[in-house]
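J.: Quick one: this structure, given as structure tokens, is what I'll be asking you about.
The values are calculated or read from the model by the stated rules, or taken from the named source; none is laboratory data. Predicted model only: the values in this text are computed from it and were never measured. A quick note on method: Cβ atoms are made from the backbone with ideal geometry, for glycine too, and the neighbour counts reach across all protein chains shown. Only protein heavy atoms, including side chains, enter the accessible area calculation; ligands, DNA and RNA are left aside. Shrake-Rupley method; radii C 1.70, N 1.55, O 1.52, S 1.80 Å.
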Amino acid sequence: METLLAITIGCLVAAGVYLMLARDMLRFLFGLTLISNAVNLAIFASGRITVGGVPPLVPEGEKYPVGDVANALPQALILTAIVIGFGLFAFSLVLAMRAYSELGTLDTDAMLLAESNDEGDKA
Amino acid sequence: MAQNSDQSASFWTAASIVPPLIAAGLFAFFLSFLHPISAGESVRHAWEWIPSMGVELSFFIDGLSLTFALLISGIGVLVMLFSGKYMAGNPQHGRFSMYLVSFMLAMLGLVLSDNLLGLFVFWELTTITSFLLIGFNHDSKLSQRSAMQALLVTGTGGLAMLAGFLLIGSVSGTMELSELRGMGDILRDSPMYLPILLLVLAGAFTKSAQFPFHFWLPNAMAAPTPVSAYLHSATMVKGGVYLLARMHPNLSGTDVWLWTLVVFGAFTTVFASVLALKQNDLKQTLAYTTLMALGALVLFLAAPGGYAITAMATFLVVHSLYKAALFLMIGCVDHSTGTRDARRLGGLIRRMPITGVAGGLAALSMAGMYPFIGFIGKELLYKAGLESPASVLIVTGAIFLASALMFAVAGVVALKPFWGSAAHMPQLDRPIREAPIPMLAGPVILGVAGLFFGLNSHALQHAVTDPIVGAVLGDMEKAKDLHLWAGVNMALYLSLATFATGLVLYLFHKTLRERLIAAGERLMSFDAKWDSLLVAINAGAVKVTALIQPGILSRYLLVVFSTITLAIGGTILARGLDIGTPVLDGITYVHLIVFGLTVSGAFVAVITNSRIAAIAGLGVTGIGVALVFIQFGAPDVAITQILVEMLVVVLFSVAALKLPTLPQRLPFHNRGLHAIVAIGLGAVVTGVVIGITSVPLNMNLTEYFEKYSYPIAHGKNIVNVILVDFRAFDTFGEISVVAVAAISAYALLKQRKSGGTS
């Protein structure tokens, strides 16, 4: 099971990296999302996975979880990571919108030219 | 230059008076060591400097360092007296005096240091102070270039020397020169001998301007005249000679040492004397004769014999005396007439008799005339050349040529301006007068000293040459006697032949100079090469910067991702990864479907050109990941994941109204490379995850949370308890991040187009 999960993570990473290397900023954002997902899964996998999946809950009337439950620690970490990843995505998206309205393009190379022209005007 | 000074400006200012007093005090201090040192003793003082590294600030006085210290401080007094008047009235006089004194102290530190690291520090201090002095007229392009050139050439050599010193330290286990002296065999037998030798020679040859590093020295004449007289004839350039003499007990005695020094020294000395004759500017002429002297000193440091070292020691003093005197004399002439052009000066003896006589005395010593100290020096050079273990022909031949040319140059510098024809003299609106006393003191005292030591050679032998030979060869008995009249022998015949040849050269020097200038156009010019070298280095730097800092996002990312791939992948390959047997147990078709969904969503996002398809693909992947979480007992995470995925889609849909569609992918040649890097990094991550999951996991923390969630935090959902109780501050930080992102996004959205807000 771990091997399969590892391969899935690898595929997500490859797809994310390929998209991030594109010149278009939207594709870059897509790649960022995919890599966030892959990293979350990798944290999850590193905490070991329990086939059959019992959530880490303390049953009614007990003081401790009973039997073999999933590892709670990575889940807590991933929860934080998902929320932060969402914050990053939302901010980047707004940044892209702003950049498009300022520079009229989402091509990162063209943005470079637009920026230096801008500086030239000011100087 | 004459315009540096105001004729009427007072000599009696702090900037004029203090430096000579400091130098005189130091000179007197070092004189007090003369008696014990000449008796063969040595003195060492040490203070802890960096105790943790065993580095001491240690000073050591023996015959060699004392001679240098006396020359530096003694000539320092005269040069500083001279510059006190020469620079008087210059608004930058205070700055100049400070540089000059700093330089003197650095130079004294260099020759007195016992620790190799201390020596290096002072060595670089002389480089820096000389940079400031050469570039003193900092608004002149020429000064800037010369200063930078001297700094780069000698600084590079200094770094090579430092590497050599560190090697010496690691081979011998000590950095103290006084301890190293007896350890010559350890260094000579070490396999590191050759690298050490080459590195130390690189330092010495750049500092002492040996061919092919000679070109910076004539350019350094852009400095004010006192600087040229002091740094570039009597002191700093002798730093390299000092280093070679200091290292002589440790590094000499091999064929590499012998032949390297002989070849470079001989070539430099002849090459420089020929070029000296070519110059019109008297200061440039003297600069090249300095190169000649440095070459001769290096040449005689090659051999281990008593004659060679005695000759080296004598010539060291001879050269310092006459060269400083002549430079100061040229300074006086320049001050009074406003020119240094050999073709124009003439007939000055009636207007400037004292300067003329003083310069004449120095020039006679330079020419090696009887009974000056220069004569003794030249005789010794010949004797040492005749018994040279390298090649009598090369060494003696080089000295003969150089001495004959020196004879002619001495005439050009000191004879012609005073006794020659005054027909080409520039017309001045003021009468040409004798230079003021502080400026005259240097040439007069140094010129007379040349005669004095010639007549009292045993004083020089007792004070200087015997102790130097003792310091270099370890045995004062090996020193040869200094005789003004040594009888009729081969050296005398050679001297007479030198005079004859020199006289002929002097008589024809105008024709020769024109020929040389004409020929010089065709000679290769190191100085011109220097500029192209700097241009090439700059162009190379621009290219490298453009390559690694192109300002193109995808290229930066490519570098980052490839580095991660190579670093981690390389480590895995190098260490070997034990992934064990693939863990494939318990896989059901549900798992396969979930994983398949996740991957296929990503695949769609990669290949599509449609924004809607891409966002749908991302959604599928997100839901797939959520399903993975559900499958393996993480419902809380799955709920969050689904909520976030929905928000992402909503946000993007809103944004899509204002954003362009995805561009068609260009048939772009880097896409293959991108795919390789992407797949490589994916594979590496897969390997890492497999590697991590195949080793045992420390469950202490998880067990702690499981054990205490309910009893002390009163929560039954352990994940929630961790988030809001055990790690509440983390969660608080996370909320802050989201809040900041939201505020920033809001600000970006509300802001009008640039410049329109405020």
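J.: Taking only Cα atoms, what is the 0 to 90° angle, nearest 10, from helix B:373-386's long axis to the longest principal axis of chain B?
T.: Taking the Cα atoms of chain B, the angle to B:373-386 is about 70 degrees.
J.: Of B:G733, B:F705, B:N717, which is farthest towards the positive pole of segment B:699-750's charge dipole, taken about the Cα centre with +1 and -1 on the beta-carbons of Lys, Arg and Asp, Glu respectively?
T.: Among B:G733, B:F705, B:N717, the one farthest towards the positive end of the dipole of segment B:699-750 is B:G733.
J.: Checking the a/c ratio against 1.5 first, then a/b against b/c, what shape does the Cα gyration tensor give for the protein assembly as shown? The partial results should precede the final answer.
T.: On the way: a/c = 3.19, a/b = 2.46, b/c = 1.29.
Prolate, because a/c is 1.5 or more and a/b exceeds b/c.
J.: I've got another one for you. Picking from A:Y100, A:Y64, A:Y18, which is most flexible by a Gaussian network model of chain A using Cα springs under 10 Å?
T.: Looking only at A:Y100, A:Y64, A:Y18, the biggest GNM fluctuation is shown by A:Y64.
J.: How far is it, in nm, from the label point at B:L484 to the one at B:K750 when both lie 7 Å from their Cα along the line to the Cβ?
T.: Between B:L484 and B:K750, the simple spin-label model gives 9.9 nm.
J.: Counting partner chain Cβ atoms within 10 Å of every residue's Cβ in A:35-41, what's the average?
T.: On the way: counts 2, 3, 12, 7, 1, 5, 6.
Across A:35-41, the average partner-chain Cβ count within 10 Å equals 5.
J.: Let me ask something else about it. Other chains near B:670-683: what is the mean number of their Cβ atoms within 10 Å of each residue's Cβ?
T.: Details: counts 3, 3, 0, 1, 6, 4, 1, 4, 10, 7, 2, 7, 12, 5.
Partner Cβ neighbours, averaged per residue: 5.
J.: Accessible area per residue of the protein assembly as shown at 1.4 Å probe, in Å²?
T.: Details: 37130 Å² over 881 residues.
Value for the protein assembly as shown: 42 Å² per residue.
J.: How large is the dipole of segment B:699-750 about the Cα centre if only Lys and Arg carry +1 and Asp and Glu carry -1, each at its Cβ, rounded to the nearest 20 debye?
T.: Details: 4 positive and 5 negative charges, 35 e Å.
So the magnitude is around 180 debye.
J.: I would also like to ask the following. Let me know the mean shielding of B:608-621 by other chains, meaning the per-residue number of their Cβ atoms within 10 Å of its Cβ.
T.: Numbers: counts 1, 0, 0, 2, 0, 0, 5, 3, 0, 3, 6, 0, 0, 10.
If you average over the peptide's residues, the count of other-chain Cβ atoms is 2.
J.: Going by average Cβ density within 10 Å per residue, which order do the peptides B:642-654, B:298-310, B:123-135, B:72-84 take, highest to lowest? Walk me through the numbers before you get to the answer.
T.: Working: B:642-654: 16.2, B:298-310: 24.8, B:123-135: 23.0, B:72-84: 26.9.
Per-residue mean Cβ counts within 10 Å order the peptides as B:72-84, B:298-310, B:123-135, B:642-654.
J.: To continue, here is another question. Can you give the FRET efficiency for B:I593 and B:V535, using 1/(1 + (r/R0)^6), R0 = 41 Å, r = Cβ-Cβ distance, to the nearest 0.05? Mind dumping the intermediate values first?
T.: Details: r = 65 Å, r/R0 = 1.60.
Approximately 0.05, to the nearest 0.05.
J.: Can you sort A:I9, B:I552, B:I630 by 1.4 Å-probe accessible area, starting with the largest?
T.: On the way: A:I9 0, B:I552 35, B:I630 90 Å².
Ranked from most to least accessible, the order is B:I630, B:I552, A:I9.
J.: Helix check for chain A. Which DSSP H runs span at least 18 Å along their own axis by Cα, with a mean Kyte-Doolittle hydropathy no less than 1.0? Numbers along the way, then the final one.
T.: Numbers: long enough: A:2-20 (27 Å, 1.86); A:25-46 (31 Å, 1.53); A:72-103 (46 Å, 1.63); A:108-122 (21 Å, -0.91).
What comes out of the filter, once short or polar helices are dropped, is A:2-20, A:25-46, A:72-103.
J.: Moving to a separate point now. Indicate the gyration tensor shape class of segment B:266-331 (rounded, prolate or oblate), computed on the Cα atoms with a ≥ b ≥ c the square roots of the eigenvalues: a/c under 1.5 is rounded; otherwise a/b larger than b/c is prolate and the rest oblate.
T.: Details: a/c = 4.60, a/b = 1.59, b/c = 2.89.
The shape class here is oblate.
J.: Could you tell me the accessible area of A:R27 in Å² (1.4 Å probe, neighbours in place), rounded to the nearest ten?
T.: For A:R27, the solvent-accessible surface is approximately 10 Å².
J.: Then there's this: Which entries of B:K238/B:K383; B:K283/B:K529; B:K416/B:K510; B:K238/B:K323; B:K238/B:K478 have Cα-Cα distances beyond 21 Å here?
T.: Details: B:K238/B:K383 23 Å; B:K283/B:K529 23 Å; B:K416/B:K510 11 Å; B:K238/B:K323 12 Å; B:K238/B:K478 23 Å.
Violating the 21 Å limit, Cα to Cα: B:K238/B:K383; B:K283/B:K529; B:K238/B:K478.
J.: Turning to a different aspect of this structure: 7 Å from Cα along Cα→Cβ at both B:R430 and A:Y64: what's the point-to-point distance in nm?
T.: Going by the 7 Å Cα→Cβ label model, 10.3 nm.
J.: Here's a follow-up. If Rh is defined by the Kirkwood formula over all Cα pairs and Rg also comes from Cα, what ratio Rg/Rh do you get for chain B?
T.: 1.21
J.: Choose one of B:I593, B:T126, B:L492: the residue whose Cα lies farthest towards the positive end of the charge dipole of the protein assembly as shown (beta-carbon charges +1 Lys, Arg; -1 Asp, Glu; about the Cα centre).
T.: Value: B:L492.
J.: Also, quick follow-up: B:M107: accessible area at probe 1.4 Å, nearest 10 Å²?
T.: 0
J.: Ok, one more. Mind checking the dipole of segment B:57-183: about its Cα centre, +1 per Lys or Arg Cβ, -1 per Asp or Glu Cβ, Debye to the nearest 20? Could you put the intermediate results ahead of the total?
T.: Details: 5 positive and 6 negative charges, 106 e Å.
Dipole size: approximately 500 debye.
J.: Hey, another quick one. At a 1.4 Å probe radius, which order do B:H45, B:H591, B:H35 fall into by accessible area, largest first? Don't jump to the answer; show the numbers that get you there.
T.: Details: B:H45 100, B:H591 15, B:H35 145 Å².
Sorted by accessible area, descending: B:H35, B:H45, B:H591.
J.: Which of the lysines could a cross-linker bridge to A:K63, judged by Cα under 21 Å and excluding same-chain residues fewer than eight apart?
T.: The qualifying lysines are B:K707, B:K716.
J.: Please work out how much accessible surface B:L512 shows to a 1.4 Å probe, ignoring ligands, DNA and RNA, in Å² rounded to 10.
T.: For B:L512, the solvent-accessible surface is approximately 60 Å².
J.: Helix B:238-251 sits at what angle to the longest principal axis of chain B, using alpha carbons and giving 0 to 90 degrees rounded to 10?
T.: The answer is roughly 80 degrees.
J.: Around B:C332, with a cut-off of 14 angstrom between Cβ atoms, what is the net charge of the other residues, counting Lys and Arg +1 and Asp and Glu -1? Don't skip to the end; give the middle numbers.
T.: Numbers: positive: B:K85, B:K283, B:R340, B:R351, B:R433; negative: B:D334, B:E434.
My count for the surroundings of B:C332 gives +3.
J.: Which whole-angstrom value gives the distance between the alpha carbon centres of segment A:9-30 and segment B:297-312?
T.: Rounded to whole Å, the Cα centres lie 72 Å apart.
J.: Let me ask something additional. R0 = 45 Å: FRET efficiency of B:D341 with B:L492, Cβ-based, nearest 0.05?
T.: Working: r = 37 Å, r/R0 = 0.82.
E between B:D341 and B:L492, to the nearest 0.05, is 0.75.
J.: How do B:I432, B:I373, B:I437 rank by accessible surface area computed with a 1.4 Å probe, from largest to smallest? The partial results should precede the final answer.
T.: Details: B:I432 25, B:I373 0, B:I437 140 Å².
Putting B:I432, B:I373, B:I437 in descending order of accessible area: B:I437, B:I432, B:I373.
J.: How long is the gain from B:A14 to B:L507 if the chain were fully straight, where each residue apart is worth 0.36 nm and the alpha carbon distance is subtracted?
T.: Numbers: separation 493, 0.36 × 493 = 177.48 nm, distance 4.68 nm.
The B:A14-B:L507 span can extend by a further 172.8 nm.
J.: Mind checking the angle between helix B:306-337 and chain B's longest principal axis? C-alpha axes, 0 to 90 degrees, to the nearest 10.
T.: 90
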